[in-house]
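Right, one structure below, let's go through it.
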Amino acid sequence: MIVLDTTILIDVLRGDSAARRVLGALAETPACSELTRVEVLRGVRPPELIATNTLLESLNWLPVTTSVAARAGDLGASFRKTHGALGVVELVIAATAIEASAKLLTLNVKRFPMFPGLRAPYKMSK
C-alpha cells in the first residue's frame, strides 16, 4: 500500500507533470489519511472544487483510528528532542502509513524523520 502526503496531491491538482507521472505509475490505488483530505479541502477555491473532488474520490481513505492517534502521539514524543515539535497533521499521516504497513510518498521528507531513508519521488517545482 502507498500512502500519499498532501504535498503530492497539491502538485497533482496544480498540474505538475512529475506528480501526475508518479501518481499514474502506481500499480495500485493509493491511500491517504483523512487529515490529508482536510488539508486539501481547506485551500480549495470554488473553481477548483470539481477537479479536487474528482481526485479525492479516486483515492482510498484511511480513518484516524484510536491506534493511529496513539501512534501519532508516540511519534511526536519520540522525535520531539531531535526534530522539535512536528505538526499534528504530519504525525497523523505518518502514523496512518505505519499502522497500514504502507510506504509514504511525500515531498516534505524533513517533516517525516520516522521513515529512515525516505526520499521525495520527484523534485519540487519552483
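The values are calculated or read from the model by the stated rules, or taken from the named source; none is laboratory data. The structure presented is a predicted model; accordingly, all values stated were derived computationally and were not measured. So basically every Cβ, Gly included, is an ideal-geometry build from the backbone, and we count neighbours across all protein chains shown.
So the values come out like this:
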quantity	calculated
Unmet criterion (only one of (1) closer than 17 Å to R119 by Cβ; (2) part of a helix (DSSP H, G or I)) for D74	(1)
Lone unmet requirement of (1) surrounded by 12 or more Cβ atoms within 10 Å (Cβ to Cβ); (2) at pLDDT 95 or above; (3) not polar (S, T, N, Q) for P63	(1)
Some residue of region 83-98 being farther than 20 Å from F115 by Cβ and loosely packed, with under 12 Cβ neighbours inside 10 Å	no
Yes/no for L41 being assigned to a helix (DSSP H, G or I), modelled with pLDDT of 95 or more, among the hydrophobic types (A, V, I, L, M, F, W, C) and surrounded by fewer than 19 Cβ atoms within 10 Å (Cβ to Cβ)	yes
Evaluation of A18 against (1) in contact with a helix residue (DSSP H, G or I) (Cβ under 8 Å, 6 or more places away or on another chain); (2) assigned to a loop (DSSP other than H, G, I, E, B) (one fails), failing number	(2)
Test: residue in region 50-60 that is in a helix (DSSP H, G or I), touching a Ser or Thr at 6+ places or on another chain (Cβ under 6 Å) and not hydrophobic (A, V, I, L, M, F, W, C)	no
From A31, A72, A51, A77, residue being surrounded by 17 or more Cβ atoms within 10 Å (Cβ to Cβ) and farther than 21 Å from Y122 by Cα	A72
Extreme residue, farthest from I10 (Cα to Cα), among residues of region 97-118 that are modelled with pLDDT of 95 or more and in a helix (DSSP H, G or I)	E99
